[in-house]
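Please read the structure below before turning to the comments.
The values are calculated or read from the model by the stated rules, or taken from the named source; none is laboratory data. Every value quoted in this text rests on a predicted model; they were computed, and no experiment measured them. Using ideal geometry, Cβ is built from the backbone for each residue, glycine included, and neighbour counts are taken over all protein chains shown. Areas reflect the complete protein model, heavy atoms only, side chains present, ligands, DNA and RNA absent. Shrake-Rupley method; radii C 1.70, N 1.55, O 1.52, S 1.80 Å.
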Amino acid sequence: MLADANGTYDALGTLDTFGLRLPSGGADQWCDGVPRQSRRAHGCERLRRRRCDLFQESCESAGSGLANNNTYWQQTSATGGSCISGATSGGGCGTVSGPIYGGLYMRITADLTDCNANLLPDAYDISAGTSIDSNLNGIPDECESSYTTFCFCPAAQSPCGNGDPNAGCANSTGAGASMTPTGTTSAGSDDLVLTTNGIPPFKSSIGYWSAAVGGSAPFYDGLRCLFAPAHRLLFTTSDASGTVVYGPGLATAQGFVAGMTIGFQVWYRDPTGPCGTTANISSAVSVPFTQ
């Protein structure tokens, strides 16, 4: 039996400390693979009436939790068998003759993911109500809002003195365009929405994404922080307030799955921009997609 939360029978009292009780009845009760009558013949402690306790017994070798002498066999003939490959056996694992008695093979594992780093498994946080899981995907909502906004434009890095420390580099409006994420990072829920404000009104715009995120380089009147291979989103036009929106549905449309971290930016036309390149680019958002 592979026991306890780490999925391994370690024979350590601090690790293997649970037992299992199986109700049974009749003359053919068995415990730890040994029939009741045989167990009595071995001198083991008396079984409680109509019950079999799979805990450490006084007649077994020293150990804790599940007994060291649990052996598990597979029937290979009418009168014999051999140990199941990989099963823990305190008494060795060779060929055995005679009847093979029923046994139990169980693997117990646990999801100990702790995305919010509070030293408690996420599943516990959700079941205890200390974390909300509104989309029911087993991940606390606070872990699905772990976006990173970046690629702002400090004056020292701006192409022509058009810095904006809170957005992309300044455009013809006097400020830069800024991308803001809402929704969650769940690829399954696919509710991520990227809203970019601060683009001059009614200007051709196109979003793009890349898994190559980091650093920055001058790009038209702005700074580019996503690099090849880059992929385009749909061509669009900023509205009267200078806003462009992408999503929801980005994960499905682009094939994003859990485990991928993707960066996004929006490039846009700006014919009268400060640096004279006729275009600019927004700040960026990095999204670590979850399940």
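Things to note:
- From Gly214, Gly176, Gly188, Gly183, residue being of a type in the set (Gly, Ala, Ser), over 21 Å from Gly247 (Cα atoms) and touching a residue at least 24 places away in the same chain (Cβ under 8 Å): Gly176
- Hey, Ala217 touching a strand residue (DSSP E or B) at 6+ places or on another chain (Cβ under 8 Å), open to solvent by 40 Å² or more (accessible area, probe 1.4 Å), assigned to a strand (DSSP E or B) and not β-branched (Val, Ile, Thr) or not: no
- Filter pass, Thr149 being polar (S, T, N, Q), open to solvent by less than 20 Å² (accessible area, probe 1.4 Å) and closer than 17 Å to Ser286 by Cβ: no
- In the condition set (1) in contact with a strand residue (DSSP E or B) (Cβ under 8 Å, 6 or more places away or on another chain); (2) closer than 22 Å to Ala156 by Cβ, Pro274 is compliant with all but (1).
- Elements of type strands (runs of 3 or more DSSP E) contained in segment 250-291, each with 1 or more residues being among the charged types (D, E, K, R) and open to solvent by 50 Å² or more (accessible area, probe 1.4 Å): 261-269
- Residue list for segment 169-203, filter: in a strand (DSSP E or B), within 15 Å of Leu223 (Cα to Cα) and of a type in the set (S, T, N, Q): Ser178
- Search result, residues across segment 236-249 that are closer than 23 Å to Ala175 by Cα and modelled with pLDDT under 95: none
- Per the conditions (1) open to solvent by 30 Å² or more (accessible area, probe 1.4 Å); (2) part of a strand (DSSP E or B), the sole criterion not satisfied by Ser241 is (2).
- Qualifying residue in segment 154-168 (condition: of a type in the set (Ser, Thr, Tyr) and in a helix (DSSP H, G or I)): no
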